[in-house]
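Since the structure comes first, as structure tokens, the remarks are kept for the end.
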């Protein structure tokens with residue numbers, strides 16, 4: 001059994017250290033694409049943009065149309081058009097749009113779905129509190 005830290009501050013620090021360590025692990029990209037999450041405060045909605053990609057033999061994400069490697073740097077390959085846009089007032093509403101119904105569904109990896117759930121919850125909290133959301 002793991003002993004819990006003695007104070008809420010110590011617990012918070014331990015969780016943050018664990019999350020930082022886990023963020024350094026290798027993650028295979030979802031061949032179904034990737035998402036950008038935004039908060040539209042004026043409309044009171046979360047916005048989830050889906051972008052398709054192709055994963056090559058080296059594990060690099062490439063633009064499905066041009067074959068160019070997708071950059072992680074801001075402004076990298078220029079703006080791309082989203083293949084789909086999902087809007088909703090809550091993380092749950094968008095999650096249902098992504099996973100229920102006849103499909104096709106834009107996710108093929110469980111770890112990607114879990115990541116999106118966490119990020120959508122954070123974005124929803126920012127929407128509720130009027131704070132700026134930055135996707136992790």
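The values are calculated or read from the model by the stated rules, or taken from the named source; none is laboratory data. Small disclaimer: the values here were computed from a predicted structure and weren't measured. Every residue, glycine among them, receives a Cβ derived from its backbone with ideal geometry; neighbour counts consider all protein chains shown.
Find the residue count for the range 26-59, including only residues that are touching a residue at least 24 places away in the same chain (Cβ under 8 Å), more than 18 Å from the chain's Cα centre (by Cα) and either more than 22 Å from residue 124 (Cβ to Cβ) or not in a loop (DSSP other than H, G, I, E, B) (or both). Walk me through it before giving the result.
Narrowing the range 26-59 to residues touching a residue at least 24 places away in the same chain (Cβ under 8 Å): 27-41, 43-53, 55, 59.
Filter again for more than 18 Å from the chain's Cα centre (by Cα), leaving 41, 43-44, 59.
Filter once more, so that each one left must be either more than 22 Å from residue 124 (Cβ to Cβ) or not in a loop (DSSP other than H, G, I, E, B) (or both): 59.
Residues flagged as touching a residue at least 24 places away in the same chain (Cβ under 8 Å), more than 18 Å from the chain's Cα centre (by Cα) and either more than 22 Å from residue 124 (Cβ to Cβ) or not in a loop (DSSP other than H, G, I, E, B) (or both) within the range 26-59 amount to 1.
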Quiz prompt | Unmet requirement for residue 64, which otherwise passes all of (1) surrounded by fewer than 17 Cβ atoms within 10 Å (Cβ to Cβ); (2) modelled with pLDDT of 95 or more | solution = (2)
Quiz item: Can you tell me which of 115, 133 is within 25 Å of residue 19 (Cβ to Cβ), surrounded by 11 or more Cβ atoms within 10 Å (Cβ to Cβ), touching a strand residue (DSSP E or B) at 6+ places or on another chain (Cβ under 6 Å) and at pLDDT 85 or above?
Solution: 133
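Every residue, every condition in (1) in a helix (DSSP H, G or I); (2) in contact (Cβ under 8 Å) with a residue 24 or more places away in the chain; (3) in contact with a helix residue (DSSP H, G or I) (Cβ under 7 Å, 6 or more places away or on another chain), yes or no:
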residue: 94; (1), (2), (3): yes, yes, yes
residue: 108; (1), (2), (3): no, yes, no
residue: 117; (1), (2), (3): yes, yes, yes
residue: 121; (1), (2), (3): yes, yes, yes
residue: 131; (1), (2), (3): no, no, no
Quiz item: What is the residue count in the range 90-112 for residues that are surrounded by 11 or more Cβ atoms within 10 Å (Cβ to Cβ) and over 17 Å from residue 135 (Cα atoms)?
Solution: 11
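For the subset of the range 78-89 comprising residues that are modelled with pLDDT under 80 and exposed (fewer than 13 other Cβ atoms within 10 Å of the Cβ), which member is farthest from residue 119 (Cα to Cα)?
The initial filter retains those residues of the range 78-89 that are modelled with pLDDT under 80, namely 78-80.
Imposing the further condition that a residue be exposed (fewer than 13 other Cβ atoms within 10 Å of the Cβ) reduces the set to 78-79.
Working: 78: 24, 79: 22 Å.
For the range 78-89, the residue satisfying everything is 78.
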Practice problem: Would you be able to tell me the number of residues in the range 5-18 that are in a helix (DSSP H, G or I) and surrounded by 11 or more Cβ atoms within 10 Å (Cβ to Cβ)? | Solution: 6
Exercise. Would you tally the residues in the range 118-130 being surrounded by fewer than 16 Cβ atoms within 10 Å (Cβ to Cβ) and more than 13 Å from residue 44 (Cα to Cα)?
Key: 2
Practice problem: Tell me which residues, restricted to the range 26-53, are exposed (fewer than 15 other Cβ atoms within 10 Å of the Cβ) and modelled with pLDDT under 90. | Solution: 26, 27, 28, 31
